[in-house]
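Trainee: Quick one: the structure is below, and I'll ask about it shortly.
What follows is calculated from the coordinates using simple rules that are stated; it is not laboratory data. What you are looking at is a predicted structure, and each value in this text was computed from that prediction instead of being measured. Using ideal geometry, Cβ is built from the backbone for each residue, glycine included, and neighbour counts are taken over all protein chains shown.
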């Protein structure tokens with residue numbers, strides 16, 4: 001059983017913290033989980049707070065319905081984006097973006113380290129990050145993870161004819 005758990009692909013998915021980025025990531029996470037991936041979906045505390053406020057019945061767990069409808073291994077976690085919840089990210093977008101570039105990566109790096117140290121989870125094998133996260137390839141290099149941007153995966157999954165040698169999940 002232990003070797004089956006360690007051979008299972010485990011993708012950590014990190015969308016940019018805006019609704020138009022999070023929703024496609026959710027769909028991609030469900031698609032990958034339905035094909036045997038373990039998914040760790042990472043949202044910022046701020047986005048989670050907005051979701052929790054809007055969805056009172058499930059405490060903001062955006063995967064509760066997907067998990068209950070099938071045998072999907074999707075974990076949902078949050079990390080700080082470096083700003084307090086009451087910080088107005090829209091009004092202070094430049095400052096927020098600087099934090100996403102320079103502070104947020106340390107929180108992601110720490111999460112990957114903590115996740116890989118837990119013995120009850122399959123190790124993280126790849127990072128699927130939004131294209132806005134220019135730092136993600138450096139984190140992948142540090143942790144020896146496969147790397148993909150969400151736009152590449154989304155276009156490959158929805159492509160009618162894949163490039164030679166590429167497996168498409170349908």
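Trainee: Can you bin every Cα-Cα distance in the range 2-158 into 10 Å intervals starting at zero and give me the percent of pairs per bin, rounded to whole numbers?
Mentor: 10, 40, 38, 11, 1
Trainee: Please arrange 47, 128 by counting, for each residue, the other beta carbons lying within 10 Å of its beta carbon, fewest first.
Mentor: 47, 128
Trainee: Mind sorting 31, 142 by how few other Cβ atoms lie within 10 Å of their own Cβ, fewest first?
Mentor: In increasing order of surrounding Cβ atoms, one gets 142, 31.
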